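*Asks:* I have a structure here, written as C-alpha cells, and I will follow up with some questions on it.
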Amino acid sequence: MTSDVLIIGGGVIGLAIAVELKLRGTNVTVLCRDFQAAATHAAAGMLAPDAEIIQDEMMGKLCRRSRALYPEWTSKLEDLTGINPGYWACGILAPVYQPPKSAATGDSPAYWLDKTAIHQYQPGLSNDVVGGWWYPEDAQVDNRALAQALRTAAQSLGIEIKDNITVAGLIQQQGQVIGVQTNQGVMRAGHYVLAAGAWSNELLPLPVTPRKGQMLSIRLPDFVPELPLRRVLFGENIYIVPRRDRSIILGATSEDVGFAPNNTPAGIQSLLQQAIRLYPQLQDYSIQEFWWGFRPATPDELPILGTSHCANLTLATGHYRNGILLAPATAALIADLICEQKSDSLLAHFHYSRFHTQPSTAPMLTHSANFTNGDRPALSSLPNSPLPDSPLVIAGKTFQSRLMTGTGKYRSIAEMQQSIVASGCEIVTVAVRRVQTKTPGHEGLAEALDWSKIWMLPNTAGCQTAEEAIRVARLGREMAKLLGQEDNNFVKLEVIPDAKYLLPDPIGTLQAAEQLVKEGFAVLPYINADPMLAKRLEEVGCATVMPLASPIGSGQGLKTTANIQIIIENAKVPVVVDAGIGSPSEASQAMELGADALLINSAIALAQNPPAMAYAMNLATVAGRLAYLAGRMPIKSYASASSPVTGTIN
Ligand code: GLY
C-alpha cells in the first residue's frame with residue numbers, strides 16, 4: 001500500500017506532522033535516516049519565545065501560538081502513550097550583568113526585577129547579576145521524552161516509521177514529486193513533506209545550513225535534597241535548564257562549522273565558564289553527559305513552511321533555534337494545508353520564495369561604457385517599464401538575467417572578470433574537470449569571481465560517458481559547496497564522446513540525467529536540438545533543457561531554429577539555447593523565438609574586445625526578450641504604406 005503522505009525526516013517536526021495528519025485520518029509514512037542525529041535530541045527543550053527576544057513580529061506570533069498549544073498537545077501525547085513529555089510551565093529568568101538600555105517589548109508579560117528582587121527571587125545567582133527579566137509564560141519540555149512520546153504515539157496510531165532510510169533525491173516530473181530515491185529503492189506517495197532539518201538542502205536548493213550547538217548536562221548530587229533551581233536561567237551565551245529528574249542542561253554554542261562533529265574543549269569550556277559565572281554552585285556538581293547537534297539555520301533565521309515549487313510537496317524545515325517550540329504549531333499549519341488546503345495567513349511570511357530576489361518588471365539597461373570598475377551594468381527596471389515580465393525560475397531559484405556565460409577561452413582572468421560583469425549574468429558555468437586539473441586559464445577561478453553574487457553552474461565538460469558525468473557532477477556539487485553555495489545542486493550535464501564535432505550523446509545524457517535527478521540534482525542537460533529527447537529529459541525531471549544552436553564554439557549562429565521552436569512550444573521547463581551563438585543579432589533572434597535564456601561563452605571570450613561584446617550580448621538578450629513579449633508584426637507578401645491613404649485630405 002502506498003501512503004497518502006510520505007514525510008522525509010523523523011525529528012520532532014516530521015513526527016509532529018505525522019501524528020497530526022494521522023489523527024485527521026491520513027495514512028502516513030515517515031522516513032528517518034538516524035533518529036539520534038535529529039536536532040530534536042540536541043535541544044534543551046526551552047519554550048522561550050519571550051526569553052529568545054524574537055524580533056520578527058510574525059515569528060513572535062507563531063512562537064507564542066505554539067507555546068500556547070503545548071499544555072494540551074503534550075497531555076494528548078501522554079494519553080496516547082503513557083509517556084510524560086515533561087512539559088513544565090516553569091517560566092524563564094534572564095539575569096543580566098549590565099542594566100538594560102530599553103524596556104521589554106513584545107506581547108507577553110515580562111517583568112523587570114532589580115538587584116535585590118532578583119537575588120531574593122532566585123538565590124545562588126552570581127554577585128555580578130544586577131537585575132533581570134522574568135518571563136512567566138515561557139516554559140520547558142523534556143525534548144528527549146517528547147521525541148520518545150511522539151515516536152511511540154506515531155507507532156501506536158499505525159504510522160509506519162522506516163528507520164535507516166537515506167533519501168538521495170526527490171524524483172520530479174512536470175511540477176510533481178513522483179517518488180523519492182532512497183537507499184532501499186524508490187518510495188512513492190500522493191503527497192510529500194520535506195522535514196529534513198539541517199540536511200534539507202541535500203534534496204532541494206533551500207538555503208538551510210547546519211548551525212552546530214554543543215551542550216552538556218550535570219547532575220544534582222544526592223546530598224542536595226531538592227533542586228535549588230525551579231526555573232530556566234537564560235544568561236549571556238548560556239542557558240541553564242533544570243529538569244525534574246535532577247539533571248541540569250547547559251547549552252549551547254552556536255557555531256558555523258558545517259557538519260563538523262563532536263564536542264570541542266573550547267565549546268565546552270565556554271559553556272562551563274558562562275554557567276559557573278551565572279550560577280556558581282554548579283561548579284561542584286558532577287558532569288553527566290556531553291553532546292552536540294545541528295540546528296537547521298536559514299539566512300533570516302525563520303523557518304521555511306508551506307507550499308513548494310511542486311504541487312504535492314510541502315516544506316517544513318529551517319526551524320533553527322525553535323524546532324521544539326514550533327513543533328505543535330507547525331504540525332497544525334501543515335496538516336491544515338495538506339488536508340484542507342487551508343493556508344493560514346502566517347504561512348505567507350514563511351514561504352521559501354522569500355529567499356528569491358524580487359521579480360522585476362521588464363529588465364531594461366542603463367548605459368555604462370566602463371566595464372573595468374567592477375560595477376555590473378545595471379539591468380534595472382525602468383519606472384514606467386513597457387511590459388511586465390516574470391523572472392527566470394530554474395528548479396525553484398529565481399534569476400533576473402536571462403544570459404548565462406562561461407569562463408573558458410578568455411585571454412586573461414581580468415578580461416574574464418570584466419566580461420562577466422558587463423554581461424550582467426547571474427549564472428556562470430564552470431568546467432569541474434578543468435578546475436580540478438588546474439587546466440591553464442582555470443587556476444584561481446574560485447578566487448576570481450564573487451560567488452556570493454554569481455550562481456555557479458558546474459558542468460561536466462570533458463566527460464565521454466554517463467558514468468563519468470555522474471561522478472564529475474558529484475564533484476561539482478562539492479565544489480559549489482566549498483565556494484559557499486551550500487544549497488547549490490545545479491549541474492550542466494554534458495556527455496560528449498567525440499572531440500571533433502563535440503556533439504552530445506543523447507542516450508548517455510538521458511541515462512546520466514535520470515540518475516542525477518534521483519540524487520537530488522537540478523539537471524540542466526546540454527543536448528542536440530531534438531524535441532523528442534527534450535521531452536524525455538523533461539519527463540525524467542530535468543530542470544531545463546539546453547538545446548544547441550549550432551556546434552559548440554563554432555559561432556555559426558542559429559542552425560536549428562525549427563527544432564528549437566518545437567522544443568520551446570512543448571517544454572514546461574525553461575529552454576536555454578546553448579552553444580553556437582556568435583553575435584548579438586543571433587542572441588536576440590533566439591530570445592525572440594521565445595527561448596527562456598541563453599548560454600554564451602566563446603562569442604564573448606573570443607571577441608576582439610570581450611567586455612564590450614559581453615555588454616552587447618547583455619543588451620541583445622534583453623532586447624530579444626522584450627521583442628518576444630511585445631510580439632512582432634506579421635510578415636506580409638507586399639508593401640503596406642506607413643501612412644494610410646484613408647482619411648487623408650484630397
Ligand atoms: N533554542 C536554543 C538553542 O537553539 O540553542
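*Asks:* Would you check if residue 13 is within 16 Å of the ligand (Cβ to nearest atom) and surrounded by fewer than 23 Cβ atoms within 10 Å (Cβ to Cβ)?
*Replies:* For residue 13, the condition - within 16 Å of the ligand (Cβ to nearest atom) and surrounded by fewer than 23 Cβ atoms within 10 Å (Cβ to Cβ) - is not met.
*Asks:* Which of the residues that make up the range 476-500 are open to solvent by 20 Å² or more (accessible area, probe 1.4 Å) and of a type in the set (D, E, K, R)?
*Replies:* 477, 478, 481, 486, 487, 498, 500
*Asks:* Out of all the residues in the range 51-89, which are charged (D, E, K, R), more than 19 Å from residue 243 (Cβ to Cβ) and either at pLDDT 95 or above or surrounded by fewer than 21 Cβ atoms within 10 Å (Cβ to Cβ) (or both)?
*Replies:* Residues satisfying the conditions are 56, 57, 61, 64, 65, 72, 76, 79.
*Asks:* Continuing with the same structure: If residue 332 satisfies all but one of (1) open to solvent by 20 Å² or more (accessible area, probe 1.4 Å); (2) of a type in the set (A, V, I, L, M); (3) within 21 Å of the chain's Cα centre (by Cα), what's the number of the condition it fails?
*Replies:* (3)
*Asks:* Across the range 265-286, what is the number of residues that are touching a strand residue (DSSP E or B) at 6+ places or on another chain (Cβ under 7 Å) and open to solvent by 30 Å² or more (accessible area, probe 1.4 Å)?
*Replies:* 2
*Asks:* Check off (1) touching a residue at least 60 places away in the same chain (Cβ under 8 Å); (2) buried (at least 16 other Cβ atoms within 10 Å of the Cβ) for residue 289 and give me the number that stays unchecked.
*Replies:* Unmet for residue 289, out of (1) touching a residue at least 60 places away in the same chain (Cβ under 8 Å); (2) buried (at least 16 other Cβ atoms within 10 Å of the Cβ): (2).
*Asks:* Could you list, in sequence order, the residues of the range 27-49 that are in a loop (DSSP other than H, G, I, E, B) and away from the ligand (no atom under 16 Å from the Cβ)?
*Replies:* Of everything in the range 27-49, those that are in a loop (DSSP other than H, G, I, E, B) and away from the ligand (no atom under 16 Å from the Cβ) turn out to be 27, 32, 33, 34.
*Asks:* Could you please find all residues in the range 568-598 being open to solvent by 10 Å² or more (accessible area, probe 1.4 Å), of a type outside the set (Gly, Ala, Ser) and under 27 Å from the mean Cα position of the chain (by Cα)?
*Replies:* Correct list: 572, 573, 574, 596.
*Asks:* For residue 24, indicate whether it is closer than 26 Å to residue 313 by Cβ, in contact with a helix residue (DSSP H, G or I) (Cβ under 6 Å, 6 or more places away or on another chain), open to solvent by 30 Å² or more (accessible area, probe 1.4 Å) and more than 16 Å from the ligand (Cβ to nearest atom).
*Replies:* Here the answer is yes, as residue 24 does meet what is asked.
*Asks:* When the range 50-82 is examined, which residues are found to be within 16 Å of the ligand (Cβ to nearest atom) and not hydrophobic (A, V, I, L, M, F, W, C)?
*Replies:* Of everything in the range 50-82, those that are within 16 Å of the ligand (Cβ to nearest atom) and not hydrophobic (A, V, I, L, M, F, W, C) turn out to be 50, 52, 55, 56, 60, 64, 66, 67, 70.
*Asks:* Among the listed residues 612, 590, 603, 620, identify the single one that is in contact (Cβ under 8 Å) with a residue 24 or more places away in the chain, assigned to a helix (DSSP H, G or I), over 16 Å from residue 404 (Cβ atoms) and touching a helix residue (DSSP H, G or I) at 6+ places or on another chain (Cβ under 9 Å).
*Replies:* 612
*Asks:* While we're here: Looking for whichever is free of Cβ contacts under 8 Å to residues at least 60 places away in the same chain and assigned to a helix (DSSP H, G or I) here; the options are 120, 148, 98. Which one fits?
*Replies:* 120
*Asks:* Which of the residues spanning the range 309-327 are open to solvent by less than 10 Å² (accessible area, probe 1.4 Å) and either without any contact (Cβ under 8 Å) to a residue 40 or more places away in the chain or not in a strand (DSSP E or B) (or both)?
*Replies:* Passing the criteria: 310, 318, 319, 325, 326, 327.
*Asks:* Let me ask something else about it. Just checking, does the range 264-283 include any residue being touching an Asp or Glu at 6+ places or on another chain (Cβ under 9 Å), modelled with pLDDT of 95 or more and aliphatic (A, V, I, L, M)?
*Replies:* Taking every residue of the range 264-283 in turn, at least one turns out to be touching an Asp or Glu at 6+ places or on another chain (Cβ under 9 Å), modelled with pLDDT of 95 or more and aliphatic (A, V, I, L, M).
*Asks:* Which one of 246, 188 is touching a Leu at 6+ places or on another chain (Cβ under 6 Å) and open to solvent by 40 Å² or more (accessible area, probe 1.4 Å)?
*Replies:* The unique qualifying residue is 246.
The values are calculated or read from the model by the stated rules, or taken from the named source; none is laboratory data. Quick caveat, the model's predicted, so the values are computed rather than measured. So basically every Cβ, Gly included, is an ideal-geometry build from the backbone, and we count neighbours across all protein chains shown. Note: areas computed on protein heavy atoms with side chains; ligands, DNA, RNA excluded. Shrake-Rupley method; radii C 1.70, N 1.55, O 1.52, S 1.80 Å.
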